[in-house]
Structure formats: structure tokens, C-alpha cells
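I have placed the structure first, in the form of C-alpha cells, so that the comments after it can refer back to it.
What follows is calculated from the coordinates using simple rules that are stated; it is not laboratory data. Keep in mind the model is a prediction, meaning the values are calculated, not measured. We place every Cβ from the backbone using ideal geometry, glycine too, and count neighbours over all the protein chains shown.
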Amino acid sequence: MVIVMNVGASEKQVDNVTRKLEAQGFAVHRSTGVQHTILGAVGAQVVDTRDYEVLDGVKEVIRITQPYKLASRHFKPEGTVIRIGEVEIGGREVVVMAGPCTIENFEQSDRIAASVKRAGAKIIRGGAFKPRTSPYSFQGHGVEGLKQLRAAADKHGLLVVSEVMEPCQLGPAEPYIDIIQVGARNMQNFGLLRDLGQLRKPVLLKRGMAATISDLLLSAEYIMSEGNQQVILCERGIRTFETHTRNTLDISAIPVVHNLSHLPIIVDPSHAVGIRDKVPPVSRAAIAAGADGLIIEVHHDPDNAICDGAQSLYLEQFAQLMDELRLIAQAIGRTMQAAA
Ligand code: PEP
Ligand code: MN
């Protein structure tokens, strides 16, 4: 249930409603919007909404029928903007994250960081803990790799996004990461999600390959219900019967999520299509469809990359794509960082 207070409702009136909700056993989450204060009441109790409608300062009481509450747009009608230093995700600017599938060494991270920064990316990606389908595939360089990625990012003025797979990795990895990525295979690792909810750090939550949009929003709810509201969603393709691409990019998830939720949503075209030459066209489509950003695999030497070379863009190819994306962003009233 969501309670929308009148414009100019007093603190006393807000307190009074909050106390009544808490007395009925609800967990109350307050969101102070531009005009209205909104109280999100989370709990399974059935109450008569009229008991709240009659309270002083209450404008309207809305029952939320969706199973996710805090992630729902009813709870926060204006979109969430996630701020990390000078970077804003979910605002007017389209933000691009780019980098290798996995961190190989400092020189690799450094070369890629220099190039993607010049092209207008604001965040470097690179996995240190890799969720591989086979236990015999390369598993990542762990914290040592993260130190290399962090050093390259700091040298070139970029933020770091990187995946953590298990709760026990969070402590050692967190100091080197600005946005913690939850991979598709871990979207329903509920223990990990709850632990991330305890942090005050943005989380990039990728859609599971067989997850519905509601499943994705419920996973976001796990993080948010623990107190961390900084969740960025990521559409990265789902499994379908199609075999010409690694997964099938669900472009329609972008407007659907924007309708259902206030959280920003970005797109990972690389894992969606799995083939280099398909990455630029679907990246352009994602921005045109309203994605708040992209996360793209880029490598200085994809032919010799440790993993996902076949879907990684060459440095020049990425720079050219960025030029095209800027035109599309502008055409739909958004902005993008200029190339240096
Ligand atoms: C990744 O981004 O490195 C990755 C493994 O992606 P996903 O979890 O979407 O498969
Ligand atoms: Mn990859």
C-alpha cells in the first residue's frame, strides 16, 4: 500500500500516518518527491484503506497489487537517479560502461581504459570473479585483478563496475568497485541480494536468462527491502528458441520496466547477441528505445582475449559506435558525454 500525502503536508501529519502504519505492523519506507511525500507500507496485512484516507494530510491511498512495492513506480512516480561522484544514471544523460569481459592484467586494463574514456565512456567494466558455464574455464583473477582494474580506472578518471558472485567475496572486493554487478546466473541468489541490500553502494542487477520482468523486479525488491535503494537494472538477453544469437535481446523490456518501476535500466548488447557485428545495431536500438545506458564488452585485442573475444568490439569500432549513439541520444532528447 502506498499513501500519498497532500502537497505541503506537515511533518506531524506524516508522523501520525507513519505511526499508525507501524502500529499495524507495516514497515514504512518514506520517499520525499518534488511535490508529495509518499509512504510505502510493506507488509501482508489486510487493512481498510478508508482508515488512512480520513487521516489529516492524506491525499490518496493506493493498494499496490504488484508483488514488488519499493521497486514500483507507484511508490516513486519520478524516476530514480543514481549518483556516483559526478556520474548520474537514470537522468537525462545516457551513460556507457565499457571494458573487457575479464581483467587480464594492468596493461590490458590501462589500454582499454584510455581508449574507452576518450570515446566518452564513464565507467569501465571487467570481471574478476567470472561465472563460467564450465568449472574448467578461466574463473577470473579475483581481488588481484580488481586492483589492476581500479588502478587503470583511477588513472583515466573512470568508475568501476564489476561482478561479485558470492557473499564471501563482497568484503574483499567492495573497496575496489563503484557499482557491484550481480550476474544473470545470480539474479536469484537471494542471500547475495540481501547482503547487497545492507550496503550503501549501487548494484547493477542483470536479468536472469529465464527470468520474467516481474522476477527481475522482485530480485531488485530483495535488495531494496534491506535498505539499499540504489539498484540499476540490466536487460542482457533471455533464452528463447532462436539459435542465431547467444540470447535474444528483449528490447521491449526497456519501456515495460520504465512503466512498472522508477529504477534505471541499461542494456548489455554483448552478452545478448554474443557476436561482435551484431553489437552496434542492437546498441543503437537500445538507446532509441529509451535505455538509460549500456554496458559493452570492448578489448584492444579481441582475437587473443581470455574470454568473450568474439563478442568484444575493437577499440576503434567502439569509438565509432559512440559517435552514432550520441546522434540517437540527441534525437530523443537525451545527452551523452562527448568524445575527447
Ligand atoms: C558479464 O557481464 O561479465 C556476464 C557474465 O554477464 P551475464 O551475467 O549477463 O551473463
Ligand atoms: Mn563476457
Sole miss for Asp154 among (1) touching a residue at least 12 places away in the same chain (Cβ under 8 Å); (2) within 28 Å of Met336 (Cβ to Cβ); (3) not in a loop (DSSP other than H, G, I, E, B) is condition (1)
Exactly one of Asp48, Asp56 is surrounded by fewer than 15 Cβ atoms within 10 Å (Cβ to Cβ), without any contact (Cβ under 8 Å) to a residue 12 or more places away in the chain, of a type in the set (Asp, Glu) and not in a helix (DSSP H, G or I), and that one is Asp48
Flagged in the range 201-247 as in contact with a Phe, Trp or Tyr (Cβ under 9 Å, 6 or more places away or on another chain) and either among the aliphatic types (A, V, I, L, M) or not in a helix (DSSP H, G or I) (or both), in numbering order, are Leu217, Leu218, Ala220, Met224
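With Ser162, Ser137 as the choices, which residue is outside any loop (DSSP other than H, G, I, E, B), within 14 Å of ligand 2 (Cβ to nearest atom) and either out of contact with any Pro (no Cβ under 9 Å at 6 or more places or on another chain) or on the phi < 0 side of the Ramachandran plot (or both)? Please lay out each step first, then the result.
Working: Ser137 fails: outside any loop (DSSP other than H, G, I, E, B).
Testing whether each residue is outside any loop (DSSP other than H, G, I, E, B), within 14 Å of ligand 2 (Cβ to nearest atom) and either out of contact with any Pro (no Cβ under 9 Å at 6 or more places or on another chain) or on the phi < 0 side of the Ramachandran plot (or both) leaves just Ser162.
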Checking Lys117, Lys122, Lys130 in turn, the sole residue that is of a type in the set (Lys, Arg), within 15 Å of ligand 1 (Cβ to nearest atom), on the phi < 0 side of the Ramachandran plot and crowded, with 21+ Cβ neighbours inside 10 Å turns out to be Lys130
Original post:
Within the range 318-339, is even one residue part of a helix (DSSP H, G or I), within 16 Å of ligand 2 (Cβ to nearest atom) and either surrounded by fewer than 18 Cβ atoms within 10 Å (Cβ to Cβ) or polar (S, T, N, Q) (or both)?
Top reply: no
Restricted to the range 92-122 and to residues being away from ligand 2 (no atom under 16 Å from the Cβ), in contact (Cβ under 8 Å) with a residue 60 or more places away in the chain and of a type outside the set (Lys, Arg), the residue farthest from Asp268 (Cα to Cα) is Ser115
